[in-house]
Amino acid sequence: MNRLKLIRERKSLTLAQLSARTSIPLRLLSDYESNIQEISPAHVKALSKALWIKPEELVPAEIAAPAPAGADGAASAVRPPLPGGSPAPNPLPEAPLNGGLPPAAGAPAPAIGGPAPGYGAPRPYAPAYGAPRPDGLRPPRPAGPLAGGDLGRGPRPPSRGRREPVVMPATDGQITEIMRLAARLNLSTEELESQFGRGIDNITRFDAREWIKKLREDALAKAPPAKVHFGQWPGLRDDREAVYLAEQRELRAPFRVVLFNGQVFHGRVADFTPYTITIEEDTPGGAEQIVLRKLAVAYYQRTGTGGGPAAAAPPAGEAKDIAPFAGPGAPAFVAPGAAPTDASAVAEPAPAAKAPRARAVKAKAAPAASDSGAASGSEGAPSAAAGGEEPTV
Amino acid sequence: MSLSDYIKFMRATKGGVTPWEIADATGLSSKDVHLLEVKHRRMGEDDAMLAKLAGYFEVPVETLTARRDNFRKRLTAFLSERQRTQEPVTLTLESGETFPGTVAWFGREALALVPAGGDPEAPLVIQRAVVAAWH
């Protein structure tokens, strides 16, 4: 009888796992364990290798080597087939019923073919319930390499104690990224190493991670990415015009604003929205605020420092009227609600006359219209400026 | 001025007509009119559509087709490059005025140009919609 099943179960292996390890078919392994077949020598070697045991532990010597046949052949390992062709009964001794190990090699095996206990006869190892088991009936523990359940691995080696943490060197990708960032920051290898106090060849993976983080922050602070964001919502920090106008509003700096049709206004920036600029003009009657729609504004420029009197009075001849569309296709502004201009009015340039105050205010209001639906463009210019309605969102 | 800005401007000059009103009058899709106005990339490849819009706005169709190449992203790329290199630029407005200088900053709606020899603290802030040409 081989000990394949016993050893396999002690190794906590399944038949499938053992089959995978040894490339022995599962059915054949099952036959081996059931002692239907003898384990071939090649498979003994493969199994012992897979189970990390010696071959003689798998197949005891007296089984591996056929015992010499007796006079009647009763002690032979393999009983010859019966004349009727029925399979031969298991010639090997049965395992003890109490779950103990089978007799070790060299232990006296019960005689095969001896009188079996009859029905109702007490089992030889079955003590009465609660009674102590007689010592004489305890099967002997296997001696030798199987003792202790270690299956021949020998005594456990002394513990190595607490395992030291594994120091992983930096990866090639980390080194490449560090060198790329160093080149972006115009840092030589020596400068880099002096900055971090370690040689780049000796850094660990953790160190490299920290280096990359620090270098990326430096690179971002030194040269922000030139990515241009489209579709940003007005009023955000990226709205540079809003930032500029906010600064000038605080400074109360005087400005000169030229409209699309050439009209000119002078005053301080009193307020602004994404679509309008409110300037404050000093007039003899007091300060006057005028709201200019950005769509009507062509450009503006600061004309003085903040805090002083506003340049309310434009120099003589400063105001000039510039036709927004010179040429035959020049359009003309139409007041809100007014009928569209006729073709002749469109074809002629805007009148190049000095714009009085009343006309100026009218001109800045001219682009205003009642279209609020055009403000739905997500990435476009503030369409509400064209429509004259500020978005409600 | 890009075609988008020009459409927007023409809507304003016509009393603030909406894309739906334009669609009703021209037979175009209001969505197409809206996209023509809000997109930053090159738009207006359909000449028939531009011809209908030109007829509606009563302007020569060339005033629309000539603006297809002046799309907003192109101006943005130009300003970004010149702001980075600080090379001088010359901007020509729709009015015909020409302003040389360097780009101080630019945003979605406006750009700041520091005239040659001018005060960097007092740049000329130009609305992008009025820029007709740049180099």
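Nothing in this text is a laboratory measurement; each read-out follows from the coordinates by a stated rule. Everything quoted here is computed from the prediction, not taken from an experiment. Cβ placement follows ideal geometry from the backbone for every residue including glycine, while neighbour counts extend to all protein chains displayed.
Given R₀ = 35 Å, what would the calculated FRET efficiency be for B:L35 paired with B:E62, taking r from the Cβ atoms and rounding to 0.05?
E(calc), rounded to 0.05, equals 0.95.
In debye, nearest 20, what is the charge dipole magnitude of chain B about its Cα centre with +1 on Lys and Arg Cβ and -1 on Asp and Glu Cβ, if you could check?
Dipole size: approximately 380 debye.
Taking K and R as +1 and D and E as -1, what net charge do the other residues with C-beta under 14 Å from the C-beta of A:P25 add up to?
Once positives and negatives cancel, what remains is 0.
Inside 10 Å of the C-beta atoms of B:129-135, what's the mean count of C-beta atoms belonging to other chains?
Per residue, the number of nearby Cβ atoms from other chains is 3 on average.
How would you rank A:E190, A:E288, B:E37, going from fewest to most other Cβ atoms within 10 Å of each one's own Cβ?
Arranged by neighbour count, lowest to highest, A:E190, A:E288, B:E37 become A:E190, A:E288, B:E37.
Taking the Cα atoms only, what angle lies between the long axis of helix B:47-57 and the longest principal axis of chain B, rounded to 10 degrees?
Tilt of helix B:47-57: around 90 degrees.
Name the long-range amide H neighbours of B:A132: under 5 Å, sequence gap of 5 or more, or other chain; modelled H, no Pro or chain starts.
Hits under the 5 Å cutoff: B:T92, B:L93, B:E94.
What translational diffusion coefficient, in µm²/s and rounded to a whole number, does the Stokes-Einstein relation yield for the stretch A:1-52 at 10 °C and a viscosity of 1.306 mPa s, taking the hydrodynamic radius as the Kirkwood radius over Cα pairs? The partial results should precede the final answer.
Working: Rh = 10.6 Å.
In µm²/s, the coefficient rounds to 150.
Measuring from label point to label point, each 7 Å out along Cα→Cβ, what is the A:T189 to B:E97 span in nm?
Inter-label distance under the simple model: 5.8 nm.
Per Stokes-Einstein, at 37 °C and 0.692 mPa s, what whole-number D in µm² s⁻¹ belongs to chain B, with the Kirkwood radius over Cα pairs as the hydrodynamic radius?
Translational diffusion coefficient: 208 µm²/s.
Is the stretch B:3-65 best put as rounded, prolate or oblate by its Cα gyration tensor, with a ≥ b ≥ c the root eigenvalues, rounded for a/c under 1.5, and otherwise prolate when a/b is larger than b/c, oblate when not? Write out the running numbers ahead of the final one.
Values: a/c = 1.19, a/b = 1.12, b/c = 1.07.
Rounded.
Expected output is a single nm value to one decimal: the length gained when fully extending between A:A246 and A:W52, i.e. 0.36 nm times separation in residues minus the C-alpha distance. What is it?
61.7 nm
Given the options B:F71, B:V130, B:A12, identify the residue whose Cα lies farthest towards the positive end of the charge dipole of chain B (+1 on Cβ of Lys, Arg; -1 on Cβ of Asp, Glu).
Farthest towards the positive pole: B:F71.
Using each residue's phi in the stretch A:181-196, evaluate 6.51 cos²θ - 1.76 cosθ + 1.60 at θ = phi - 60° and report the 3J(HN,Hα) Karplus result to the nearest Hz, with x for Gly and Pro.
5, 5, 5, 5, 8, 6, 9, 7, 4, 5, 5, 5, 5, 5, 5, 9
Mind checking the angle between helix B:72-85 and chain B's longest principal axis? C-alpha axes, 0 to 90 degrees, to the nearest 10.
Between helix and principal axis, roughly 10 degrees.
Arrange the peptides A:9-22, B:13-26, B:87-100 so that the one whose residues have, on average, the most other Cβ atoms within 10 Å appears first.
Working: A:9-22: 14.4, B:13-26: 19.6, B:87-100: 16.2.
Listed from highest to lowest mean packing, they are B:13-26, B:87-100, A:9-22.
Between B:R11, B:R68, B:R84, which gets the highest mean-square fluctuation from a Gaussian network model of chain B, Cα cutoff 10 Å?
Evaluated over chain B, the most mobile residue of the options is B:R84.
Please report the net charge: other residues with Cβ closer than 10 Å to the Cβ of B:T76, K and R +1, D and E -1. Before the final figure, lay out each step's value.
Details: positive: B:R72, B:K73, B:R74, B:R108, B:R128; negative: B:E81.
Net local charge, B:T76 excluded: +4.
Could you work out the Rg to Rh ratio of the stretch A:172-222, with Rh taken as the Kirkwood radius (inverse of the mean 1/r over all Cα pairs)?
Rounded to two decimals, Rg over Rh is 0.91.
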